[in-house]
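I have placed the structure first, in the form of structure tokens, so that the comments after it can refer back to it.
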Amino acid sequence: GENVEQHPSTLSVQEGDSAVIKCTYSDSASNYFPWYKQELGKRPQLIIDIRSNVGEKKDQRIAVTLNKTAKHFSLHITETQPEDSAVYFCAATYNFNKFYFGSGTKLNVKP
Amino acid sequence: EADIYQTPRYLVIGTGKKITLECSQTMGHDKMYWYQQDPGMELHLIHYSYGVNSTEKGDLSSESTVSRIRTEHFPLTLESARPSHTSQYLCASGAAGRNSPLHFGNGTRLTVT
């Protein structure tokens, strides 16, 4: 089955700096990669996703890049704000039935 | 409003008790999932269902069972709760077909004493 690895496990940045979280996957058949943000005590929320026919997708301060050859994808957050502090999870799927999640990255944005 | 509803939100129960965690969705989704998560930690898939009368075990054996008699309802039952079951349980759902991410409920925080 698919195996998704996520790094780093914790990330601390100064407000206004950029943050990058990286994930690698093992199954070349995976074709959909969502990112979820989970604030303390709340449910995971989808923040951005990318399909395998696209190399990059951007939504305001958030962007995701995908390298199919290397089998890795990354979340980029620019101009970080304290409200970006949360745990971020990447995931991969090839059939939209089983989703394989990374182990999570705790992002701390220091004011 | 279409959403996924989990009850109870918090539950404290003694060892050996039988409990059922409820999950209902009004999103019209066919696929439903149960994940176990210690706060802020990795998500572990414990059960999933692709439709009525369809249930599968996930990667984590949690000594629990599920049923899917109605599309919108996917309860999780622990026959005999143990302290090792203390965790957060998240229910999720997804639409059939392509291009559908998972949507999560607010979770049930279970403590077994």
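What translational diffusion coefficient, in µm²/s and rounded to a whole number, does the Stokes-Einstein relation yield for the protein assembly as shown at 10 °C and a viscosity of 1.306 mPa s, taking the hydrodynamic radius as the Kirkwood radius over Cα pairs?
Result for D is 88 µm²/s.
Using all C-alpha to C-alpha distances in the stretch A:36-85, build P(r) with 5 Å bins and read off the rounded percent in each one.
Taking every Cα pair in the stretch A:36-85, the percentages come to 5, 18, 26, 22, 17, 9, 4, 0.
Using 0.36 nm per residue of separation minus the Cα-Cα distance, give me the extension gain between A:N95 and A:T10 in nm, one decimal.
Contour length minus the Cα-Cα distance gives 27.6 nm.
Collect residues whose amide H, placed 1.01 Å from N in the peptide plane, falls under 5 Å from the amide H of A:I50; neighbours closer than 5 in sequence don't count.
Placed amide hydrogens put A:F33 under 5 Å from A:I50.
Given a cut-off of 24 Å, name the pairs among A:K37/B:K31; A:K58/B:K31; A:K42/A:K106; A:K42/B:K17 whose C-alpha atoms lie farther apart than that in the structure shown.
Exceeds cut-off: A:K58/B:K31; A:K42/B:K17.
Efficiency by 1/(1 + (r/R0)^6): what FRET value for B:T71 and A:Q81, r their Cβ-Cβ distance, R0 = 35 Å, to the nearest 0.05?
Efficiency, rounded to the nearest 0.05: 0.30.
Return the ratio Rg/(2.2 N^0.38 Å) for chain B, where Rg is computed over Cα atoms only.
Normalised Cα radius of gyration, chain B: 1.00.
What does the net charge come to around A:T105 if you take all other residues with beta carbon closer than 12 Å to its beta carbon, with K and R at +1 and D and E at -1?
Cβ neighbours under 12 Å give a net charge of 0.
Note down, for chain A, the three equivalent ellipsoid semi-axes (square root of 5 times each alpha carbon gyration tensor eigenvalue), biggest first, whole angstrom.
23, 14, 12
Could you work out the mean count of beta carbons from other protein chains within 10 Å of each residue's beta carbon in B:9-15?
If you average over the peptide's residues, the count of other-chain Cβ atoms is 0.
I want the local charge near B:C23. Using Cβ-Cβ distances under 13 Å, sum +1 for each Lys or Arg and -1 for each Asp or Glu among the other residues.
+2
Laboratory data are not the source of any read-out in this text; all were calculated from the coordinates shown. Computed from a predicted model, the values in this text were never measured in an experiment. So basically every Cβ, Gly included, is an ideal-geometry build from the backbone, and we count neighbours across all protein chains shown.
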